[in-house]
Structures are given as C-alpha cells and as structure tokens.
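Chemist: This is the structure, below, for whatever I ask next.
The values are calculated or read from the model by the stated rules, or taken from the named source; none is laboratory data. Just so you know, these numbers come straight off a predicted model, no measurement behind them. A quick note on method: Cβ atoms are made from the backbone with ideal geometry, for glycine too, and the neighbour counts reach across all protein chains shown.
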Amino acid sequence: MNAIRSCPIHRLLQNRHITNRCLHILKKKRGIYLNDVLHGRVFSTSFALANKQKIADFDLSEFPPERIRNFSIIAHVDHGKSTLADRLLETTGVISVSSKNQQVLDRLQVEKERGITVKAQTASLFYTHQGTRYLLNLIDTPGHVDFNYEVSRSLSACQGVILLVDANQGVQAQTVANFFLAFDRDLPVIPVLNKIDLKGAQPDVVMQQLNKLFDIQPEEVLQVSAKLGTGINEVLQAIVERIPAPVADVQNPLKCLMFDSWYTQYRGAVASIAVLDGVVRKGDKIMTHHKKKVHEVQEIGIMYPTEYPTDVLYAGQVGYIIANMKNIKDAMVGETIYHQNQPTQPMPGFKPAKPMVFAGIFPADSSQHTALKTAIEKLTLNDSSVDIHVDSSAVLGQGWRLGFLGLLHMDVFITRLDQEFNASVIVTAPNVPYKVTIIGAKNIKQYGGETVTILNPCKLPPVGIITEYKEPMVKGTVIAPAEYIGDIVNIIMERRGTYPEQTYLDESRMMFTSVLPLNEILVDFFDELKSLSSGYASFDYEDADFQTSDLVKVDYMLNGKEVDELTMLLHKSRARDIAKKVCEKLQTNIPRQSFLITIQAAVGKTILAREDIKPFRKDVTAKCYGGDVSRKTKLLKQQAEGKKKMRLIGRIEVPRDAFINILKK
Amino acid sequence: MVNTELERMSTALHKMRARVLLDNLFSLRPSRWKSSQVMKEALRDTLDDEATLYVHWPYCARRCTYCNFNKYISKSVEHTRMADCLAKETSTLLQLSGVSRVKSIFFGGGTPSLALPSTVGKVIDTVADHVTFTEGSEVTLEANPTHLAIGKLKDFQHVGVNRLSVGVQALNTEDLKLLGRDHSVTEALRCVEAAKCVFPEHVSVDLMFGRPGQSVEAWRKELHQVIDMDVNHVSLYQLTVERGTQLFKWVDSGHVTVPDNDTMADMYIAAVELLEAHGLERYEVSNFAKQGSESKHNQAYWQGSQYIGVGPGAHGRFIPVTKQQANNGQHGREARIQTLEPDNWMFEVEKFGHATRKIISQSTKVRLEELLCLGLRTREGVTNVNWSKVIDISYLQSFGSSERCQQFVEEGLLRFEQSGVRATSKGLLILDTILPHLLYELGQLCDNEGVT
C-alpha cells in the first residue's frame, strides 16, 4: 500500500472530488480498469466507492418500480439539506462514514462557500426496509428561489419531497416558496425538523408554524440532527413508507425524461434521466423528441454518488446517460427520449427559464475580452438559463448584457467567473426587462411587434410611439419576528409594494406577503431588510408577471450631451429622487475642469435634477525649480497616461472610474 | 591623474572648436538661421559651452513648518570642510561638463545666508579659476532677513555676490510665527532696504500666499507693501502643504486650514494684476520682474539650458565632456543628483572629487518633455531656438498642427507664433490642465516618428 500511496494515480484518487472522468482517462491512458480501481488495488479507503462488496451488491433489474423511491429535499438556505444528504449517503453506505464528508453533492466551490446548491445533483442509494431492498434516488434541489426553475425540474422526476426545517430558525421565506412548489405538484411531503440537538431548538413552535402555514400535523413531523446522524433511519423509513413508487412499466416502449444535463470537456453532454417506461441499455439507439436526433448510448448508470456505469436502467429508475451528445443543445433539459423508430407520447417538457435580471458584464481590461468570452461560453454550457446578448459601451468597451433568473443567480455566475476562470469583470447595476406597447404600423414592423421587450433602457424606442409601459412584478414573502412589523411594512411601501398581507406564524413570528416591482428589490432591498431586523428577516419572491406602470425614461446630460449608458427607466414617483442621487454621484466623481460642467437629469424636456461642477480658474503650480523639475514632469506624464482612460463627452473628460462607480452595483 | 589630464586636454580642444563655430555663427545672417545645419550645430555647441551653477547650502537655523526641502539643522556646521568640499565639487563638475563659460551662480538652500562669506567667495573663485563669466553674469544668494544676514550683506558683496533673493515670505507677524520663520516683519523690511543699498536693482523678494487663514483682502494689502518696497524682482510661491511637515500635521488634524482652491486662484490672479500694474511683469508663472531684471539663473532652467548642481542633493542637467566626444553631443545630456545628506556628501566629495549619487541619461523625448513643461511656464514660451537645440524645428510644426494643440489654440489657451509656442495668460492659469494633453500629443508624435 505504501508503494501505491506515493504513486501519482493514488494521489489523484485521494482527491475526494474525483469524477468518473478521471477514472475514464485512467482507463484509456494507463490501461487501468475501473474495476481494478474500485476493487481497491489502486484505491484508498478514503474514497467512498472503494469497496468490492458494494460493486457486486446490486443488480438494477432487481428493482422494479415498486421498490424504487424518487425524492428531493427542499429547504431554506442553511437549514442543513446538504448535511442531511451526506448522512443519507453514509447510512446507506454510498460513502464511507467520515467527518470529511461535507456536502458531497455540492461540487462547485461557490456552493461549498456559500452553503447553497446551484446545480441539482442526484445520488442513488440502497436501503433495506423490512427485509426488502429499495433503490432510493435522491434528487438534489437548489435552495433558492432564483433557481426554482431547477427545483421544478428536479421535482418533475420525484414522487415526493422531504421538507427540511431548522428547528431553531423555524419556517423561513424559502421554506414557504419551496413547499408550494411541491404542493402544486401534489407531491407528498415528509416534514423533517433538523438541528434538534441545538440548545435553541423549539420543535413545538416550529411544528405550530408548519401546522398553521401548511396544515401539517405534528405527528407527521420527524425530528433529526443531520450533524449527529440521529433520526436518519426514520427518515429513510418514511421515504419508503410515505412516498409512492413511480408509476412505470418495464414492458412499455422506452420513455425517458431528461431533467438535467451538464457538459464535460471530454465526453460531451451528460444527461440526468428518469426512465418512465421501458428499459434503456448501453448501445441502444435513442432519439430525442424535440431535436429529432439519434444517438447511441455509450454509457449509462447511476450516480453513486458520481457516475457509476451499470449498462442498463429500468422503468422507474433515475440515472445518467452519455450518448455522444457533443453539444449541450442536443441535451436540452425537458427532452423526452425514446428508442429510435418507437416514438411515444412526449412529456410536456419545461418552460424555458425566464431571465428577469439583466446586467452588463465587461472585462475589467479590454485585452481580456476573448478570455472572458470563452469563460462565459463555458459557464453557460452548464447553465442554459443565462441569457446572452452582445453589448458595447463607449465607456466600458465590448461586453455582454446577460440575463439571470435572479440576483443570487447573477451573484453566483459572477463568482464562478472569478473562481473558475479567474476573470475580473465590471458588472453594471442590474435592471429588469420592461415591456412597452408601441403604435404605428411602420414602428411595429421595425420593432418586430406591438410589444417590445427592453433589456437595456438606452435602447428604448422613441417615447412618442410608446402607449404603455409594463414592468415585472414579484410576489414577495418576508418572514420576521413580529416586533419589526412597522419597519417591514414601511420598507415594503417605500418600494412601491402593495400593502402587505400579514399572518402570524406563531406568537412571535409573522409572514408578510406583498406584490412589488422586481426593480425595487434588485439592489439593496434584502440588505436593508436584514439590517432593520437585526438579521432575522428572511425574504423570498416569485414572479408575478408584468404590470402596467407609470414609467419614465430619464436621460442624463453633461453640458447638454446625453450620456447613453446612464439612461434609466424609472417609476414616476421615484424618478426625481433617484435622478438627484445619480447627479450628485456624477458631481463627486467627475473632477473639476477648466470650464463649468452642468449635470442634468431630464424626462423629455423637463429637468428633474441638476448639479454643477464649478470650473477651476487656476491650475498651475506656483513654484517649479531645479529639484522639482523631474518630480513635476513625472506627475504630468502620469496624467498624460491617464488621458487614455478618459472618456470625452463633448469637451468633458470623464474618468472611466467615474462611470464604473455609478454603473456598478 | 592621467584621466584628469586627458579630460583637461579634451576640454581645451573642445573649447577651441566651439570658438570656431561661434565665429561662424555670427557671420551668418539671421534669415538663413533656420535652414542652416551649421547654425544648428553651432547653437548646440555654444550651448554646451555654457552653463549655470546651482550651489546648495544645506543648513538652516531652524525648521520652517512648511518646508520639505533638503535641509539640516546643525549647531556645529564644519564651515571650513564645507567650503573645501563645495569648491572641490564645483571644480570637478565644471571640468566634467567641459563648459568654458558660466552665466550665473545661485546659492540656494537651506539658508545660504548662514554660510560664511568666505565659503561663498571660495566657490566663486573656484568658478573663476576654471571658466570665464559671461558678461553681465549673475551671482545670487538666498537670504533669510535676520539681523545676522543684514550684517553680512556687504561681505557677501565683497566676495562676488551681486544679487540677493530675500525670503520675506510674509509681512504678518502671526503668519511668520506659524510658518516657523526666524525673522520678524521689521527685520524683513530693514533687510530689503539694506539689500537695495548694497545690490541696487538686484534685489528679489520671495513671498508666499495661500497661508493658513489668509484672506484675499489681507493678501492685497501685503502686495501693496511689497510694491512699496520698490524691488525689481518678486517671486511668488503658493504654499503647498507637503507630507512630513509640521504644517501637514496641523492641517491634517484640523488645527489649521489653508484657503480653498478658489481662494488660491483669487489670490494668484490678484497678485498678477497688482504686480503687473506696478511694472512687475510676470515672465514666468511664479516670477515677476521689471524689464531687464529677469533672473538669468531661473531662465536657464526654463529654456532647457545646461545647469550644474553642486552641494548635497543638488540637481543638474548637462552633457559630460566624455559624451560630447562620443556622439557629437546628441543624447548625451544627463540628469544628475548629488548625495543628499551633508556628511555623506562631504565624505564622497573628499574621496572622489564629487558626490554624484545618480545619473540618468536623458533621451531626446525626455528633454522635449522637460522643455515643454518648463518653457510654457514662461512669457516667451518654448522658442524655436530652444526647441531646435533638442530636435529639428519641423517637429514643433507637426506638434502644433495636431488636433489637440489646435483645439487649445481655438480656445485661446495656446499660441503658435513665428518665434515658437507659448501659453496665453488664460492658458498660463490652467497650464497643469493643458500640459498632460500636450505631453500625450508629444508622446504620440515621438512614437510615430521613432523619436526616443
């Protein structure tokens, strides 16, 4: 073993993040076979799969639908979902019991750092209940509503969910959102209280909340400590007992739902599939319904917890498939797969995710443009929900306007650009898409329709042809201790929300729901909410469609010259305040020059706000002798270099930083 | 020893050649100057043949609260040793520069009026030993207007000083205290009077504006007092709060406040108006003189002429004789800085004959940049003559026709004329805003033309 320990392959395998790709490469390049690896010949015990018994231990054909359970865990951020998943994997022997197992299913750095799940992952486990072995498929879900498109997809492959609630924090905003996602699908819910070992745990209070909100009876609720591993077996039992088996038939022609896909550099797209009917084997010719493309199944298996080939999947089972899909677009999420020449009724598929938050992304240094382009392309391979438009700005250069599902989604995307691609970017303040209705046959033809969606306010059609503006709304849920009621109602009203509906969850906690413009919660709403509630408030939102709104286009001008990149669409009631703030910001960010600079914000011809930058009348050092010459010349030369980074608006020199300070979030 | 001998020989040869070219120069008619290659070379060589000399006296009696200059407060100045070292370094650098004429010596500091007149005399004598003084040459000494200095004026005159620059700074007792000056208003007035007797028409007054708490009105009154002194030259400094000074700490802690930029502008503009109305014309941003009383010394800096820096921390710009031979004087100009700290400086001078700590070769581009930055500060601007000492005049023409320069011309900030380029009075006021643009443009031109 010692000899093995020092070998590079061994070191490679020591890394717990090993993927099948590594094994695959090993197989190809070194002639080492997977089974050798798994049999422990070149494998260390620290890697969970290295156990010969387990390999021979199951045969998927022994798991007809009635012995299969497909489930998800849904929870608010930090309520311990990933820890519970770790314990389920450990208890059933998928991974070895080790303190090193931390959020095995969260594979991205950003997921581990923030304790959030971004990409759904699945894992299969075997569990014996009353003498019968069951195949349980845990389909992970992201915890945040920004990713609820992912949640919906995951849930579509499940027959039930575990609703995990922190016994200390109680029901939080995302708990509510996620519960209703499952409830709307008629999925049975297993309520589980986590962290009951902690001193502050109040299981009774939380059960009261669950009852009040979701009509869950206290006796249904399980109590666990995922950290200590208590109550895990009860959870496994409940999965088998309370969640129905998938309705599937091995005898029927093949029908699979592709509910997730991700891209790997060497093998192309890998797709997560739920087999709804029939059997799919390695070597089968399969067809995707929408793309009408035929692929040969090269590898098929279960996630155990990473890709583990089984060469076959039967009706009711969940696993992965690799079928020479070179392009991620060939593995469109929501696709129905069947055998070539044996079409079946396709699944309804998924509505593509609607990006609701748009922001300009520009390389911090324009020489990095190509590198950033590559990075964005690679990231979007695995995240098709990001909307990409090429954008350019006189100030920031060539870049993109990207659409995200929400703020967290945007944050995660930017963080991943940084962490995984080392790309340093300038992100402009996010804005929402607007819809405007225009008149005039010619205009309608020019803009391609009566309703025009505006992603970038400076691309708004002429105001004269617009008859109606619409902005996206959200239904926001705030849960907070009742003592903050006044402040919470105030902030919601300030943000143009409807008067919030208020519900007591228990004696001390309240839930507020209100319909707000998405634009109002984009930038600092959550931060303010947190600070006014000493960190106790949680917030979540869901789309509530577009609503007619009193919007105005605000232009900013420097000495009468319009500054395109600052154009904003604002609600009439807020336009003056915001315009004033932006003018003030411009005033402090643009250096004084040798002439007067007038900064104006205007709606049409009406000036909303104005700030002046007084000219300096003297700018010359009144002293310059022998010893000063070098120093002075050097200083002036540095300024000369700086001229390259100035943007000229008319005659006004605006440093690039001035715009960045105003545009960035 | 052999080396020194060689250097002397080459200097002598060089002088001979320069003399021949100089003769050629005067035989040419002005109209042919521009086209004449001979003329250009002649100019370059005459220039190389002449320099001004700056001599730094590093000691002060006390520390002024605003001063970040290279100065040392010492109770036991080794006067004899300093005198020997200043003379020795003067001798070494003069020989190294190969010049045969000096048109100005400036004793600055520190407080050079604290030096013994014999020390000043020794330096002047050393110069006279090596080179000739250009006719009408200027020997200036900076003086703090104390009783002590007043008593020494005649002695300084006796050893060869012919111009006095009096550091009046303020005519307000409170301000003098705040600035940490060691003289009173009465002393200042008396010193100027005495100096006018000893150095008629050759007295300059240094004045500082933008002092803590100073108002434009008070400043005007003070200017009138200065005008009443009837001196031929005035230098105005805007007080700058430099890091590391006592004043910086006071300002930083809010203990004192200096006038804001707008007030500073008002003060400067008021000074220009008042002084010019009384015959003291601005011939450089900070310098005002009656006609014919402009300081030769400072003009040398601004015109891109050679200067030799002697003494601790002194700066110089000249073409050493070795480089003059190597490539006909082109690209041979060096920026030199002497060792800062007096004890180390003396040690090095005694050991090596000079204490040049740093030498930076100046490229044509760098010389042009300096010429532009300094020349535009003057009334004459950058003249064709001074420009062509560095590079062909055609470059100034292409520079002037650039879009940026033309824009400044249109805005009435710059003027390109037959004799060269200069800033208008409007342009002069905001020169630091214009210069980066001009340097940028100059950089583009140099890049395009392959001038390094």
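Chemist: Of everything in the range A:601-630 that's within 11 Å of another protein chain (Cβ to nearest Cβ) and at pLDDT 80 or above, which residue is farthest from A:VAL554 (Cα to Cα)?
Modeler: Among those residues, the one meeting the criterion is A:VAL620.
Chemist: Can you give me the number of residues within the range B:131-152 that are over 22 Å from the mean Cα position of the chain (by Cα) and surrounded by 18 or more Cβ atoms within 10 Å (Cβ to Cβ)?
Modeler: 4
Chemist: Quick check: anything in the range B:367-386 surrounded by fewer than 19 Cβ atoms within 10 Å (Cβ to Cβ) and under 19 Å from B:GLN444 (Cβ atoms)?
Modeler: yes
Chemist: Then there's this: Spot the failing condition for B:TRP250; the list is (1) in a loop (DSSP other than H, G, I, E, B); (2) away from chain A (no Cβ under 12 Å); (3) at pLDDT below 95, and only one is missed.
Modeler: The single condition B:TRP250 does not satisfy is (1).
Chemist: Restricting attention to the range B:33-48, does a residue exist that is within 14 Å of another protein chain (Cβ to nearest Cβ) and at pLDDT 70 or above?
Modeler: no
Chemist: Moving to a separate point now. I'm trying to understand the selection: among the residues of the range A:314-326, which are crowded, with 24+ Cβ neighbours inside 10 Å and assigned to a loop (DSSP other than H, G, I, E, B)?
Modeler: Within the range A:314-326, A:ALA315, A:GLY316, A:GLN317, A:ALA323, A:MET325 meet the criteria.
Chemist: Kindly state which strands (runs of 3 or more DSSP E) lie completely within the range A:407-467 and contain at least 2 residues that are farther than 22 Å from A:ASP365 by Cβ and of a type outside the set (Phe, Trp, Tyr).
Modeler: By residue number, A:434-438, A:451-454.
Chemist: Among the candidates A:LYS329, A:LYS354, which residue alone is surrounded by fewer than 17 Cβ atoms within 10 Å (Cβ to Cβ), touching a residue at least 60 places away in the same chain (Cβ under 8 Å) and either basic (Lys, Arg) or assigned to a loop (DSSP other than H, G, I, E, B) (or both)?
Modeler: Matching residue, one of A:LYS329, A:LYS354: A:LYS354.
Chemist: Hey, any hits in the range A:192-208 for a residue that's in a loop (DSSP other than H, G, I, E, B) and under 25 Å from the mean Cα position of the chain (by Cα)?
Modeler: No, the range A:192-208 contains no residue that is in a loop (DSSP other than H, G, I, E, B) and under 25 Å from the mean Cα position of the chain (by Cα).
Chemist: Suppose we filter B:ALA51, B:ALA83 for residues that are over 16 Å from B:GLU350 (Cα atoms) and out of contact with any His (no Cβ under 8 Å at 6 or more places or on another chain); which single one remains?
Modeler: Only one candidate qualifies: B:ALA51.
Chemist: Let me ask you something else. Against the definition (closer than 25 Å to A:ALA353 by Cβ, surrounded by 21 or more Cβ atoms within 10 Å (Cβ to Cβ) and at pLDDT 90 or above), how does A:LEU407 come out, yes or no?
Modeler: Taking the combined requirement at face value, the residue does not satisfy it.
Chemist: Quickly run through the range A:494-519 and pick out the residues that are in a strand (DSSP E or B) and among the charged types (D, E, K, R).
Modeler: A:GLU501, A:ARG509
Chemist: Right, something else. Output the residue which, of all residues in the range B:330-347 that are away from chain A (no Cβ under 14 Å) and under 30 Å from B:ILE391 (Cβ atoms), is surrounded by the fewest Cβ atoms within 10 Å (Cβ to Cβ).
Modeler: The extreme case among them is B:GLN330.
Chemist: Additional query: Take A:ASP487 and decide whether it is modelled with pLDDT of 90 or more, more than 18 Å from A:MET568 (Cβ to Cβ), more than 26 Å from the chain's Cα centre (by Cα) and not hydrophobic (A, V, I, L, M, F, W, C).
Modeler: Against the criterion (modelled with pLDDT of 90 or more, more than 18 Å from A:MET568 (Cβ to Cβ), more than 26 Å from the chain's Cα centre (by Cα) and not hydrophobic (A, V, I, L, M, F, W, C)), A:ASP487 qualifies.
A quick yes/no check of all residues on (1) in contact with a strand residue (DSSP E or B) (Cβ under 6 Å, 6 or more places away or on another chain); (2) in contact (Cβ under 8 Å) with a residue 24 or more places away in the chain; (3) of a type in the set (Val, Ile, Thr):
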{"residue": "B:ASP262", "(1), (2), (3)": "no, no, no"}
{"residue": "B:GLY279", "(1), (2), (3)": "no, no, no"}
{"residue": "B:ASN287", "(1), (2), (3)": "yes, yes, no"}
{"residue": "B:SER295", "(1), (2), (3)": "no, yes, no"}
{"residue": "B:ARG317", "(1), (2), (3)": "yes, yes, no"}
{"residue": "B:LYS323", "(1), (2), (3)": "no, no, no"}
{"residue": "B:ARG336", "(1), (2), (3)": "yes, yes, no"}
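Chemist: Select from the range B:205-243 the residues that are closer than 20 Å to A:THR621 by Cα and among the polar types (S, T, N, Q) and write down the one among them that is farthest from the other protein chains (Cβ to nearest Cβ).
Modeler: Per the criteria, the residue is B:SER215.
Chemist: Go through (1) at pLDDT below 85; (2) closer than 22 Å to A:ALA238 by Cβ; (3) buried (at least 18 other Cβ atoms within 10 Å of the Cβ) for A:PHE63 and report which single condition fails.
Modeler: Failing condition for A:PHE63: (1).
Chemist: Something else about it: Return the residues of the range B:101-142 that are under 14 Å from B:HIS79 (Cβ atoms) and part of a helix (DSSP H, G or I); say none if nothing qualifies.
Modeler: Within the range B:101-142, B:PRO112, B:SER113, B:LEU114, B:PRO117, B:SER118, B:THR119, B:VAL120, B:GLY121, B:LYS122, B:VAL123 meet the criteria.
Chemist: Let me ask another. Residues in the range B:275-292: is at least one in contact with a helix residue (DSSP H, G or I) (Cβ under 6 Å, 6 or more places away or on another chain) and among the β-branched types (Val, Ile, Thr)?
Modeler: For the range B:275-292, residues in contact with a helix residue (DSSP H, G or I) (Cβ under 6 Å, 6 or more places away or on another chain) and among the β-branched types (Val, Ile, Thr): absent.
Chemist: Considering the range B:143-155 alone, what residues qualify as being in contact (Cβ under 8 Å) with a residue 40 or more places away in the chain and either among the charged types (D, E, K, R) or in a helix (DSSP H, G or I) (or both)?
Modeler: Within the range B:143-155, B:HIS147, B:ALA149, B:ILE150, B:LEU153, B:LYS154 meet the criteria.
Chemist: Cβ-Cβ below 9 Å, separation at least six or inter-chain, first residue in the range A:272-287 and without any contact (Cβ under 8 Å) to a residue 24 or more places away in the chain, second in a strand (DSSP E or B): which pairs?
Modeler: Hits for this filter: A:GLY283/A:GLU296.
Chemist: Ok, one more. Where residues in the range A:378-394 are assigned to a strand (DSSP E or B) and in contact with a helix residue (DSSP H, G or I) (Cβ under 7 Å, 6 or more places away or on another chain), which of them is nearest to A:ALA364 (Cα to Cα)?
Modeler: Checked the range A:378-394; the qualifying residue nearest to A:ALA364 (Cα to Cα) is A:SER393.
Chemist: Would you check which residues across the range B:62-85 are in contact (Cβ under 8 Å) with a residue 12 or more places away in the chain, away from chain A (no Cβ under 14 Å) and part of a loop (DSSP other than H, G, I, E, B) and list them?
Modeler: Once the filter is applied, which keeps residues that are in contact (Cβ under 8 Å) with a residue 12 or more places away in the chain, away from chain A (no Cβ under 14 Å) and part of a loop (DSSP other than H, G, I, E, B), the range B:62-85 yields B:ARG62, B:ARG63, B:CYS64, B:THR65, B:SER74, B:VAL77, B:GLU78.
Chemist: If you don't mind, there's one more thing I want to ask. Working only within the range B:92-102, note down all residues that are in contact (Cβ under 8 Å) with a residue 60 or more places away in the chain and more than 19 Å from B:LEU340 (Cβ to Cβ).
Modeler: Once the filter is applied, which keeps residues that are in contact (Cβ under 8 Å) with a residue 60 or more places away in the chain and more than 19 Å from B:LEU340 (Cβ to Cβ), the range B:92-102 yields B:LEU94, B:GLN95, B:LEU96, B:SER97, B:GLY98, B:VAL99, B:SER100.
Chemist: For residues that are surrounded by fewer than 16 Cβ atoms within 10 Å (Cβ to Cβ) and of a type in the set (Gly, Ala, Ser), tally how many sit in the range A:168-226.
Modeler: Qualifying residue count, the range A:168-226: 1.
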